[in-house]
1. Within segment 9-26, which residues are crowded, with 18+ Cβ neighbours inside 10 Å, outside any helix (DSSP H, G or I) and out of contact with any His (no Cβ under 9 Å at 6 or more places or on another chain)?
2. Can you name the residue in segment 1-48 that is at pLDDT 90 or above and of a type in the set (Phe, Trp, Tyr) and, of all such residues, is nearest to ALA91 (Cα to Cα)?
3. How many residues does segment 40-78 contain that are surrounded by 15 or more Cβ atoms within 10 Å (Cβ to Cβ), of a type outside the set (A, V, I, L, M) and part of a strand (DSSP E or B)?
4. Looking at LEU5, LEU65 in this structure, which one is over 22 Å from PRO83 (Cβ atoms), touching a residue at least 60 places away in the same chain (Cβ under 8 Å) and among the aliphatic types (A, V, I, L, M)?
5. Can we say THR36 is surrounded by fewer than 18 Cβ atoms within 10 Å (Cβ to Cβ), under 12 Å from the mean Cα position of the chain (by Cα) and polar (S, T, N, Q)?
6. Of all residues in segment 79-101, how many are assigned to a helix (DSSP H, G or I) and in contact with a helix residue (DSSP H, G or I) (Cβ under 8 Å, 6 or more places away or on another chain)?
7. Considering only segment 79-100, state which residues are touching a strand residue (DSSP E or B) at 6+ places or on another chain (Cβ under 9 Å), surrounded by 12 or more Cβ atoms within 10 Å (Cβ to Cβ) and without any contact (Cβ under 8 Å) to a residue 60 or more places away in the chain.
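The values are calculated or read from the model by the stated rules, or taken from the named source; none is laboratory data. All values derive from a computational prediction rather than experimental measurement. All Cβ positions, even for glycine, are placed from backbone atoms using ideal geometry, and neighbour counts span all protein chains on display.
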Amino acid sequence: MNFNLSEMDIREAIGHVKHPAIDHSLVDLGIVKDVTIAAQKIMLTFAFPFPNIPIGAQLIDSVRLPLENVGAEVEVQTTVMKPAEVQKFLAMEQDGWKGGV
């Protein structure tokens, strides 16, 4: 694999990926929590407001697939947000709700 993406390139690329029902990016919502590059692999950590959210796979794919399409190997880990992160997420959700998924 020819790996040319820096962490800044990755953050810039995924920083524009919006939640399908909330008018905010997944990064701003705190869902994409960590981005690291190690051994020519991009490792992403997704934090969800609660376990087993119905659109979790859709949200992950909305970030993972574009990176894989440019030749990156992507590894994804998931976790649950801490209470303060959930409160921030819920406030942003209420502010940016556009409905439907």
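1. Selection gives HIS19, ILE22, HIS24.
2. The qualifying residue nearest to ALA91 (Cα to Cα) is PHE48.
3. 4
4. Only one candidate passes the filter, namely LEU5.
5. It is false that THR36 is surrounded by fewer than 18 Cβ atoms within 10 Å (Cβ to Cβ), under 12 Å from the mean Cα position of the chain (by Cα) and polar (S, T, N, Q).
6. The qualifying residues number 0.
7. If the condition is that a residue be touching a strand residue (DSSP E or B) at 6+ places or on another chain (Cβ under 9 Å), surrounded by 12 or more Cβ atoms within 10 Å (Cβ to Cβ) and without any contact (Cβ under 8 Å) to a residue 60 or more places away in the chain, then THR79, VAL80, MET81, GLU85, VAL86 are the ones that fit.
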